[in-house]
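Asks: Take this structure, written in structure tokens, and hold onto it; I'll ask about it next.
The values are calculated or read from the model by the stated rules, or taken from the named source; none is laboratory data. These numbers come from a predicted model, not from an experiment. Here Cβ is always computed from backbone atoms with ideal geometry, including for glycine, and neighbour counts include all displayed protein chains.
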Amino acid sequence: MSHAQPPVGVRIAGVSFSPPALLGAYRRELSLPDEVELYADPGRALYRALGFGRASVARVWLDPRVWVRYASLLARGRRPRPPGEDTLQLGGDAVLDARGEVRWTYASRGPEDRPGLAEIRAAVARAQLPR
Amino acid sequence: MDVTLTGPDGGQVPLASLRGEVVLIVVLRHLG
């Protein structure tokens, strides 16, 4: 998750399929502020509901775009650990409006594939408008 | 969406309980 200033007037929730016990360590590792809520979804119900699937081994481990991303993280001081969980599960982003309706989703196509901040801000702004 | 999440304390949190304001959900990959 990025440390960039979040859009105004939006609640931010991070969700992972990892066990709930790992959420605290993740928050400390990334120095996430309390405003960012963290939840676990071990059964991946949210992943299925939003259509966030799994990638192939080749897409996750052999794609040059992934290695470029990891190199960037290493250059910024991140030290990835050997994964102990499903590395093929992909994530994504979603914006829900105040009525709980999904107004926008971005399904990552690989580990390095994330929407830009401008795209997220625009999606949030649209969701803040009445439908 | 009828989805229930788990909080850091193990408590169950229905996604519907987040209603009332716009929510940006960042769905992460593995943490460990």
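Asks: Here are some conditions: (1) modelled with pLDDT under 95; (2) within 7 Å of chain B (Cβ to nearest Cβ); (3) under 13 Å from the mean Cα position of the chain (by Cα). A:Leu50 meets all but one. Which one does it not meet?
Replies: The one condition A:Leu50 does not meet is (1).
Asks: While we're on this one: Confirm whether A:Val102 is in contact with a helix residue (DSSP H, G or I) (Cβ under 9 Å, 6 or more places away or on another chain) and modelled with pLDDT under 90. Explain how you work it out, then say what you get.
Replies: Values: in contact with a helix residue (DSSP H, G or I) (Cβ under 9 Å, 6 or more places away or on another chain): yes; modelled with pLDDT under 90: no.
In short, no.
Asks: If A:Ala125 satisfies every condition in (1) at pLDDT 90 or above; (2) in contact with a helix residue (DSSP H, G or I) (Cβ under 9 Å, 6 or more places away or on another chain); (3) assigned to a helix (DSSP H, G or I) but one, which is the exception?
Replies: Just one mismatch for A:Ala125, condition (2).
Asks: Inside the range A:18-44, can you point out the residues that are at the interface with another protein chain (Cβ under 7 Å from one of its Cβ atoms), part of a helix (DSSP H, G or I) and crowded, with 17+ Cβ neighbours inside 10 Å?
Replies: Result: A:Pro20, A:Leu22, A:Leu23, A:Tyr26.
Asks: Evaluate the range A:59-69: report whether one residue or more is more than 17 Å from B:Ile25 (Cα to Cα), facing chain B (nearest Cβ under 10 Å) and either in contact (Cβ under 8 Å) with a residue 24 or more places away in the chain or hydroxyl-bearing (Ser, Thr, Tyr) (or both). Quick ask: steps written out before the conclusion?
Replies: Of the residues in the range A:59-69, the ones more than 17 Å from B:Ile25 (Cα to Cα) are A:59-69.
From what's left, facing chain B (nearest Cβ under 10 Å): A:60.
Narrowing the set further to residues that are either in contact (Cβ under 8 Å) with a residue 24 or more places away in the chain or hydroxyl-bearing (Ser, Thr, Tyr) (or both) leaves A:60.
Yes, there is a match, as at least one residue in the range A:59-69 is more than 17 Å from B:Ile25 (Cα to Cα), facing chain B (nearest Cβ under 10 Å) and either in contact (Cβ under 8 Å) with a residue 24 or more places away in the chain or hydroxyl-bearing (Ser, Thr, Tyr) (or both).
Asks: Can we say A:Glu119 is at pLDDT 95 or above, loosely packed, with under 15 Cβ neighbours inside 10 Å and either of a type outside the set (Gly, Ala, Ser) or touching a Pro at 6+ places or on another chain (Cβ under 7 Å) (or both)?
Replies: Values: at pLDDT 95 or above: yes; loosely packed, with under 15 Cβ neighbours inside 10 Å: yes; either of a type outside the set (Gly, Ala, Ser) or touching a Pro at 6+ places or on another chain (Cβ under 7 Å) (or both): yes.
Taking the combined requirement at face value, the residue satisfies it.
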